[in-house]
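Working notes, structure below.
The values are calculated or read from the model by the stated rules, or taken from the named source; none is laboratory data. This is a predicted model, so every value here is computed, not measured. Here the Cβ positions follow ideal geometry from the backbone for every residue, glycine too, while neighbour counts run over all protein chains shown.
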Amino acid sequence: MESLLKEWKGETTIVRYDQPTGAWVFIAIFSTRLGPAAGGTRMRPYSDVQSALQDAFRLAEAMTYKLALCGMSFGGGKAVIAIPPDFDPKFRSGVLSRYGELVHQLGGLFYTGSDVGTSSNDMDIIAEKGSPYVFGRTLTAGGAGSSGPATALGVFSGIQIACQHVFGERSLTGRRVLVQGAGSVGGALIEYLRSSGAEVKFSDAEEASICQFRDDIGLQCVPVEEVYSEECDIFSPCALGGVLNSRTIPQLKCRVVAGGANNQLAEPEDAARLKDRGILYAPDYVINAGGAMFLAGVEAQGWTKEHMEKEVTEGIQNVLQKIFELAAKKGITTEAAARQVAEKRLSAAI
Ligand code: PHE
């Protein structure tokens, strides 16, 4: 724990042990160079406290690059609420409410929204005390609602640019796309893909999602353990992080990896593993920026839905295009190219 805290390159770590529930709360502020830090609140059990802190650290760093690249005036941060494995849902609103108080006490250092394990309903609870630093409350409570559909729109637009780069055309007609995780982002992405004429398959661990997409819509469902070796044109990870690693990359039978999950690469070397296999990787924090653009744009900048959709589509396509071109020109990974562009934007802001 001590060495993690010492070695982290971010600005500030806030640690809270929530006595009544036994949950650990970490707020990691990686950078406030472009503005107050913004990032979702992730709520889930972890195998140990250290991995929860590490997750917050890695995600906060990615948020910094994400917000720098999508042109919003926010720095990067992330919060993790690591609940005990036997967490009783009746304590949920209590821990969220105390967390909201903490966010309020920070006085605008950190703006938050939903992430894996939290919903707009949870944001409503956090915002009771945490307002005005909470994005993505329900529409009824006056918020902008879920960021999932906007994230999906960005991923869809990014997939088009990746296709242009690899296959010479943006059209997705007849392209085989495999979506891993049909939750709030993956589910909305599936709809965009279907209406563009793509041949969509999906994989999900949750019975409810399987029913919705396999039984109701008739999509082919790939068993969870076969998802990496399934042949497709585009593999789109929209579930948890770390899915691209030394074990899974050699199995991939696709030309493009482009999806909405955060922290898809298990370790930095995985970017080169993808490149060496001739697979074009759309860096996660670039292609999944639609949710952050939606929340910050609609709630902090007053964008209309139409304006937001234009910004998300064009913004993500332009940045990805630039990154793919830079990577090809310099012979570097797309991840390294994205990092270079982001660092340039961060150092230009004094
Ligand atoms: N959790 C989402 C993301 O990682 C959305 C989000 C963005 C939430 C910014 C809060 C602030 O992009």
Which listed residue, of G71, G40, is of a type in the set (G, A, S), closer than 21 Å to G130 by Cβ and within 20 Å of the chain's Cα centre (by Cα): G40
Meets criteria (within 15 Å of the ligand (Cβ to nearest atom) and either outside the structural domain of T334 (by TED's automatic domain parsing) or not basic (K, R) (or both)) for A182: no
Condition check for I161: within 16 Å of the ligand (Cβ to nearest atom), under 25 Å from A239 (Cα atoms) and not acidic (D, E): no
Residues of the range 254-283 satisfying the condition of being closer than 21 Å to Q164 by Cβ and over 21 Å from the mean Cα position of the chain (by Cα): C254, R255, K275, R277, G278
Unique residue being part of a loop (DSSP other than H, G, I, E, B), touching a residue at least 60 places away in the same chain (Cβ under 8 Å) and not aromatic (F, W, Y) when the list is G186, G260: G260
Looking only at the range 41-80, and only at residues there that are in a helix (DSSP H, G or I) and of a type in the set (S, T, N, Q), the one that is farthest from the ligand (Cβ to nearest atom): Q50
